[in-house]
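Written below as structure tokens is the structure these notes are about.
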Amino acid sequence: MPRGELLGSLEQIVLIALMRLGANAYGMTVRREIEERTGRDLSIGAVYATLERLEAKGYVSSALGEPTPERGGRAKRHFRIEASGERAVRATQDAMRKMTAGLKSRLAT
Amino acid sequence: MRRALLTRSANWILGRLLPEAQKDAVIGDLIEEHALRTATSHAPNDSWWYLGQVSRSLLPLLLAAARRGQWLTTFGAAVAAYGLIKIIESASEVTLFAVLAPQSLAYVLAAYLIGPANMMLGGYVAARIRPGAATVLAIISIIMVLQWMATAGSTVSIWFSAFFLVVCPLTALAGGMLERKQRNIRVQ
């Protein structure tokens, strides 16, 4: 990741969801993981638009799976976070930690 | 039946906005989660959730398509086809005026036919350049007919205007469908 380029909040959330889901990461599971953990009911379009953007940046790679009957014979697209994606998450988290240092009491919910 | 038609229509709209590589994955994800929700929530059919997902997906997918540059090319193809139609239409009108008497029945019939015939050709050409451009051409034709109706005012009969308002977009779409049919035959 170029110095100074930080991830947007949705990009960060999607990348972390990919880290959590591992081999089972595809559009639907990513959407559900985010909804269950954050309460954000994202549209599938928003998830795919974000994944496409991350793939263009080289943070994510994807591969087509086999078609399955429960999906009306349509194939899944599996997503995987790349090493550069993990570095981007770490750099963004690090920047957030530095920015919020000393503000613990004000940011406590 | 109505629900199936709604979800099919929603899938069709999604299909217009998604690149070929993503189409199956996105629609498959929706079908899978929809089935899962229906099975776990004991709701007979969670169609509203499905439609909500599709409608909320439109804006991010439109923006993603714009980023890929697809829409710009599609719009460009439709505008180019529209320009071609206007050139052919003007040439046809000049020829018609020279050959037929303006008050004759043949002239009136030909005047009704030139626009839709050209629009069908335009839809075909647009779809040939870029799949989906015929739909954009149909939208352009509606806007242009409405603009023509607004400026022509009472000098043109309402039936004449209404005919073009309905028939021009339909023939543009028919031209696009014809091209798609031919392409499928070529692939087979």
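Structure summary
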item	result
Descending semi-axes in whole angstrom, ellipsoid equivalent of chain A, from the Cα gyration tensor	29, 17, 10
Point-charge dipole on Cβ atoms (K/R +1, D/E -1) for chain B, about Cα centre, debye to 20	260 debye
Estimated inter-spin distance, B:Ile13 and A:Lys57, nm [label 7 Å along Cα→Cβ]	3.0 nm
Choice from B:Phe75, B:Phe163, B:Phe97 with maximal GNM fluctuation in chain B (Cα, 10 Å cutoff)	B:Phe97
Distance (nanometres) between label positions extended 7 Å along Cα→Cβ at B:Ile185 and B:Arg56	4.5 nm
Angle in degrees between helix B:105-129 and the longest Cα principal axis of chain B, rounded to the nearest 10	40 degrees
Per-pair calculated FRET efficiency, R0 = 45 Å: A:Asp41 and B:Met177 via Cβ, rounded to 0.05	0.80
Computed FRET value (nearest 0.05) for B:Thr40 with B:Trp148, which takes r as the C-beta separation and R₀ as 41 Å	0.15
Note, ³J(HN,Hα) from phi for segment A:75-84, Karplus 6.51, -1.76, 1.60, rounded to Hz, x at Gly and Pro	7, 8, 10, 7, 10, 9, 7, 8, 4, 5
In Å², nearest 10: area of B:Met177 left accessible to a 1.4 Å probe	120 Å²
Accessible surface buried once A binds B (1.4 Å probe; total of both sides; Å²)	2100 Å²
Derived scalar couplings ³J(HN,Hα) [segment B:163-171; Karplus, 6.51 cos²θ - 1.76 cosθ + 1.60; whole Hz; x for Gly, Pro]	4, 5, 4, 8, 6, 4, x, 5, 6
GNM flexibility winner over chain B from B:Leu36, B:Leu72, B:Leu137 (Cα, springs under 10 Å)	B:Leu36
Solvent-accessible area, 1.4 Å probe, carbon plus sulfur percent, for the protein assembly as shown	64 percent
Extension gain (nm, one decimal) between B:Val166 and B:Leu63, 0.36 nm per residue minus Cα-Cα	34.1 nm
For A:Arg74, residues with placed amide H under 5 Å, excluding near neighbours	A:Thr68
Residue mean of other protein chain beta carbons inside 10 Å, A:22-28	3
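The values are calculated or read from the model by the stated rules, or taken from the named source; none is laboratory data. Since we're looking at a predicted model, the values are computed, not measured. We place every Cβ from the backbone using ideal geometry, glycine too, and count neighbours over all the protein chains shown. Accessible surface is based on the protein model in full, side chains and every heavy atom, while ligands, DNA and RNA are left aside. Shrake-Rupley method; radii C 1.70, N 1.55, O 1.52, S 1.80 Å.
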